[in-house]
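**Q** Here it is: the structure, laid out below.
The values are calculated or read from the model by the stated rules, or taken from the named source; none is laboratory data. The shown structure was predicted, so the numbers you read here are calculated from the model rather than taken from an experiment. Virtual Cβ from ideal backbone geometry, glycine too; neighbours counted across all protein chains shown. Heads up: the accessible areas ignore ligands, DNA and RNA and are worked out on the full protein's heavy atoms, side chains in. Shrake-Rupley method; radii C 1.70, N 1.55, O 1.52, S 1.80 Å.
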Amino acid sequence: MQESGLNNQRVRQLNRQTLMKLVWRHKRLSKSQFAQHTGLSIPAVSNILEELVAEGKLSHSSENLSSRGLNGGSYQIPPEGNYILCMNVTPTSIESQLCNAQLSPIEEFERRSISAPSPQALLAAIEAIWHQRRKSWPKKTINLALGIHGQVDPVTGVSQTMPQAPWREAVEIKYLLEEKLGVTVLLDNDCVMLALAEKWQNAGNREDFCVLNVDYGIGSSFVINGQIYRGNLYGSGQIGHTIVNPDGMACDCGRYGCLETVASLSALKKQARIWLKTHPEAQHQDPERLTSRQLVQALHAGDERVARWVEDSANAIGLSLYNFLNILNINQIWFYGRSCEFGENWLNSIKQRIGFNPFDHGDALKSNATQINFGQLTRAQQVMGIGYLYVEAGLVA
């Protein structure tokens, strides 16, 4: 009897989590909508909702969501809770979106260029943006959620390595900001930010999917059975450091021939700079001032040389992805980052190199057929993804 009781308690806990997940996704639901989504009876849903309201995890509104005129009201996350300031942080820019307690955006999305020659300068830039937002909401507690470029320990809140930074030491971001600002700080890698954004804001996602950010470097994050997979060293899924050419160029990680050295935007710009320096007749462009935007523009203007470089980079990404997909049997992939501006030809080259998943028999109409597409979330939605660290922490509390 005791074992049965424990099982029933576990089932009830899972049902509570399911209802909370639903309300975070949909923002506001009626009892009948909860029942439709879960398959639970109205009385069972009612009992759980009463508990959650009593605990302050949900609030009840008299607003009628039913078109049948039956008004049982609706349920939502209590709107009076703490705000969350979501940020995507690199040594050269900080993007920020302030969200209310329901993780709905308030105020405007902002991107600010910064110069951070030291960890102290980076922290000062984060603090300045927090103080700016706080002036608009002086009576609100505004916690921080940070997506950090590079390798991050989300448990201790330490930025372990930040490839674009001029420093190499680890930075205790969580501890230092909490001490200075007196608010809660949660942080993780910027690719985890994208995976959380997709998981919570895209209803079309599966339980297993992958997000790739092809930009300055190449980052990735995997969601398996609905959960972010980080690994013990918090570096899992980093496809950018798979070796595609053992005799290739040196990578920032200390090895040679990583995918990042071939297919990232920084690698493409380096390749273009080398070509420009060795072809004086083409130096109407300053090799040292070449930008990613210029590469994209050259591709779309029909520059065959750039098109060849971009196709080679896409082929390398596709081959690396093929191995990942076969090992993990993940068949839904979303691409983000400035390289997506290369367009459909770039994506199609990746798809061709991936070929097909040996477990996918090619019926594109099937719900589990392989999907490889550009991500559709806006940049503000992407940055808001890091705020769901608070949601996931609350679900297991």
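**Q** Check segment 53-68 and report whether any residue there is farther than 30 Å from residue 17 by Cβ, of a type outside the set (A, V, I, L, M, F, W, C) and either open to solvent by less than 30 Å² (accessible area, probe 1.4 Å) or over 30 Å from the mean Cα position of the chain (by Cα) (or both). Please lay out each step first, then the result.
**A** So the first thing to find is which residues in segment 53-68 are farther than 30 Å from residue 17 by Cβ, and the list is none.
Among the residues of segment 53-68, not one is farther than 30 Å from residue 17 by Cβ, of a type outside the set (A, V, I, L, M, F, W, C) and either open to solvent by less than 30 Å² (accessible area, probe 1.4 Å) or over 30 Å from the mean Cα position of the chain (by Cα) (or both), which makes the answer no.
**Q** Go through 317, 350, 330 for me and flag whichever is modelled with pLDDT of 80 or more, assigned to a loop (DSSP other than H, G, I, E, B) and in contact with a strand residue (DSSP E or B) (Cβ under 9 Å, 6 or more places away or on another chain).
**A** Numbers: 317 fails: assigned to a loop (DSSP other than H, G, I, E, B); 350 fails: assigned to a loop (DSSP other than H, G, I, E, B).
Selected residue: 330, the only one of 317, 350, 330 that is modelled with pLDDT of 80 or more, assigned to a loop (DSSP other than H, G, I, E, B) and in contact with a strand residue (DSSP E or B) (Cβ under 9 Å, 6 or more places away or on another chain).
**Q** Can you find a residue in segment 285-294 that is surrounded by fewer than 21 Cβ atoms within 10 Å (Cβ to Cβ) and in contact with a Ser or Thr (Cβ under 8 Å, 6 or more places away or on another chain)? Before the answer, list the steps.
**A** Initial filter on segment 285-294 (surrounded by fewer than 21 Cβ atoms within 10 Å (Cβ to Cβ)): 285-294.
From what is left, the residues that are in contact with a Ser or Thr (Cβ under 8 Å, 6 or more places away or on another chain) are none.
No, segment 285-294 contains no residue that is surrounded by fewer than 21 Cβ atoms within 10 Å (Cβ to Cβ) and in contact with a Ser or Thr (Cβ under 8 Å, 6 or more places away or on another chain).
**Q** Does residue 103 count as in contact with a helix residue (DSSP H, G or I) (Cβ under 9 Å, 6 or more places away or on another chain), aliphatic (A, V, I, L, M), at pLDDT below 95 and closer than 20 Å to residue 19 by Cβ?
**A** Working: in contact with a helix residue (DSSP H, G or I) (Cβ under 9 Å, 6 or more places away or on another chain): yes; aliphatic (A, V, I, L, M): yes; at pLDDT below 95: no; closer than 20 Å to residue 19 by Cβ: yes.
The answer is no for residue 103.
**Q** Given the conditions (1) at pLDDT 90 or above; (2) closer than 22 Å to residue 258 by Cβ; (3) of a type outside the set (Phe, Trp, Tyr), which single one is not true for residue 343?
**A** (2)
**Q** Those residues that are surrounded by fewer than 19 Cβ atoms within 10 Å (Cβ to Cβ), closer than 16 Å to residue 87 by Cα and among the charged types (D, E, K, R), I need them from segment 160-202; list them, please.
**A** Scanning segment 160-202 gives a single hit, 178.
**Q** Can I ask one more? Of all residues in segment 254-284, which are assigned to a loop (DSSP other than H, G, I, E, B), without any contact (Cβ under 8 Å) to a residue 24 or more places away in the chain and surrounded by 16 or more Cβ atoms within 10 Å (Cβ to Cβ)? Even if it seems obvious, please write down each step before you answer.
**A** Keep residues of segment 254-284 that are assigned to a loop (DSSP other than H, G, I, E, B), which gives 254-255, 257, 259, 264, 279, 283-284.
Those left that are additionally without any contact (Cβ under 8 Å) to a residue 24 or more places away in the chain: 254-255, 257, 279, 283-284.
If the condition is that a residue be assigned to a loop (DSSP other than H, G, I, E, B), without any contact (Cβ under 8 Å) to a residue 24 or more places away in the chain and surrounded by 16 or more Cβ atoms within 10 Å (Cβ to Cβ), then 257 is the only one that fits.
**Q** For segment 30-41, which residues satisfy the criterion of being within 14 Å of residue 75 (Cα to Cα), out of contact with any His (no Cβ under 9 Å at 6 or more places or on another chain) and in a helix (DSSP H, G or I)?
**A** 31, 32, 34, 35
**Q** Kindly check whether there is at least one residue in segment 301-310 that is surrounded by fewer than 18 Cβ atoms within 10 Å (Cβ to Cβ), more than 18 Å from residue 213 (Cα to Cα) and of a type in the set (A, V, I, L, M, F, W, C). First the steps, then the outcome.
**A** Just the residues of segment 301-310 that are surrounded by fewer than 18 Cβ atoms within 10 Å (Cβ to Cβ), to begin with: 301-305, 307-308.
Filter once more, so that each one left must be more than 18 Å from residue 213 (Cα to Cα): 301-305, 307-308.
When the remaining residues are screened for being of a type in the set (A, V, I, L, M, F, W, C), the result is 301, 307.
Yes, segment 301-310 contains a residue that is surrounded by fewer than 18 Cβ atoms within 10 Å (Cβ to Cβ), more than 18 Å from residue 213 (Cα to Cα) and of a type in the set (A, V, I, L, M, F, W, C).
**Q** Determine whether residue 227 is out of contact with any helix residue (DSSP H, G or I) (no Cβ under 7 Å at 6 or more places or on another chain), open to solvent by 60 Å² or more (accessible area, probe 1.4 Å) and either among the polar types (S, T, N, Q) or without any contact (Cβ under 8 Å) to a residue 40 or more places away in the chain (or both). Give the steps one after another, and end with the answer.
**A** Values: out of contact with any helix residue (DSSP H, G or I) (no Cβ under 7 Å at 6 or more places or on another chain): yes; open to solvent by 60 Å² or more (accessible area, probe 1.4 Å): yes; either among the polar types (S, T, N, Q) or without any contact (Cβ under 8 Å) to a residue 40 or more places away in the chain (or both): yes.
Yes; evaluated as a whole, the condition is true for this residue.
**Q** When segment 154-209 is examined, which residues are found to be of a type in the set (S, T, N, Q) and either outside any loop (DSSP other than H, G, I, E, B) or closer than 24 Å to residue 251 by Cβ (or both)?
**A** Taking segment 154-209 first, the residues of a type in the set (S, T, N, Q) are 156, 159-161, 164, 184, 189, 201-202, 205.
If the condition is that a residue be of a type in the set (S, T, N, Q) and either outside any loop (DSSP other than H, G, I, E, B) or closer than 24 Å to residue 251 by Cβ (or both), then 159, 160, 161, 164, 189, 201 are the ones that fit.
**Q** Please identify the pairs in which a residue from segment 375-393 that is closer than 17 Å to residue 204 by Cβ and touching a residue at least 12 places away in the same chain (Cβ under 8 Å) has its Cβ atom under 9 Å from the Cβ atom of a residue that is of a type in the set (Ser, Thr, Tyr) and open to solvent by less than 20 Å² (accessible area, probe 1.4 Å), counting only partners at least 6 apart or on another chain.
**A** Here the result reads 375/336; 377/336; 382/336, each pair linking segment 375-393 to a residue that is of a type in the set (Ser, Thr, Tyr) and open to solvent by less than 20 Å² (accessible area, probe 1.4 Å).
**Q** Considering only residues that are out of contact with any strand residue (DSSP E or B) (no Cβ under 8 Å at 6 or more places or on another chain) and of a type in the set (Gly, Ala, Ser), look in segment 7-44 and name the one that is least open to solvent (accessible area, probe 1.4 Å).
**A** Filtering segment 7-44 for residues that are out of contact with any strand residue (DSSP E or B) (no Cβ under 8 Å at 6 or more places or on another chain) and of a type in the set (Gly, Ala, Ser), the one least open to solvent (accessible area, probe 1.4 Å) comes out as 35.
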